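Read the structure below first, then the notes.
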Amino acid sequence: MLAINCAALYKWAMLTVIIECQDQEPELAQTLAALVAGAIEGLVCDVVVLDNGSRDGTSRVADAAGCRFYSQWDIKDILRSARGEWLLLVEPGARPQAGWIDEIAEYVSLNKVPARFTASRGYRRPLLQRIGRRLPPLELGLLLSKRQAIAAAKTGMRLAEFAKGQKSRQLSSELIPSWVARAAR
């Protein structure tokens, strides 16, 4: 269950993961499965799923994983209610790879600026699809402090808007992007 209490080991590094989705039940399930290790280690203490009118089983997947699920929300209220002092914004279907738990715990204890994962070397788009293409704002996720997110939040804002123009550092941990899960459908 993802909504477990944070362990004392990562008490100072509590992390809330926020995922915005619409009709992405299988992708959400993959992301939540990848986050279980972070919950077991005590880093991930809260997962919030923001739904944009899904007609599939998205709400059932979120409920089964112990996530807080919202079909209507104000982003400012969501951010204020986040249990973690740091937020990880990811797309449904994205999956952090080995080493992400320790790296994020260390990063948030030593840094104040946002960060993004490194693109997975094992899952790259074909060369012609990469040329001249801008990455979607959350393709590599975004790790930022709750304080920074609240300061930037505006009513009606979507998660991807937090990532636009955000100067960030790059984590060495890799993230399999959400398009991989969508392509497997």
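So Tyr123 ticks every box in (1) under 16 Å from the mean Cα position of the chain (by Cα); (2) modelled with pLDDT under 90 but one. Which box is left unticked?
Result: Tyr123 passes all but (1).
Quick one: count up the residues across segment 137-175 that are in a loop (DSSP other than H, G, I, E, B), of a type in the set (D, E, K, R) and either in contact with a helix residue (DSSP H, G or I) (Cβ under 6 Å, 6 or more places away or on another chain) or at pLDDT 90 or above (or both).
The number of residues fulfilling the criteria is 3.
Say we look at segment 96-120 and pick out the residues that are under 14 Å from Trp86 (Cα atoms) and among the polar types (S, T, N, Q); which of these is surrounded by the fewest Cβ atoms within 10 Å (Cβ to Cβ)?
Looking at the filtered set, the residue picked out is Ser109.
Which one is surrounded by the most Cβ atoms within 10 Å (Cβ to Cβ) among residues in segment 36-63 that are farther than 14 Å from Gly84 by Cα, hydrophobic (A, V, I, L, M, F, W, C) and in contact (Cβ under 8 Å) with a residue 60 or more places away in the chain?
Restricting to residues being farther than 14 Å from Gly84 by Cα, hydrophobic (A, V, I, L, M, F, W, C) and in contact (Cβ under 8 Å) with a residue 60 or more places away in the chain, the top hit is Leu50.
Could we say that Ala82 is surrounded by 14 or more Cβ atoms within 10 Å (Cβ to Cβ), modelled with pLDDT of 95 or more and of a type in the set (A, V, I, L, M) here?
Yes.
The values are calculated or read from the model by the stated rules, or taken from the named source; none is laboratory data. What you see is a predicted model, and the numbers here were worked out from it, not measured in a lab. Virtual Cβ from ideal backbone geometry, glycine too; neighbours counted across all protein chains shown.
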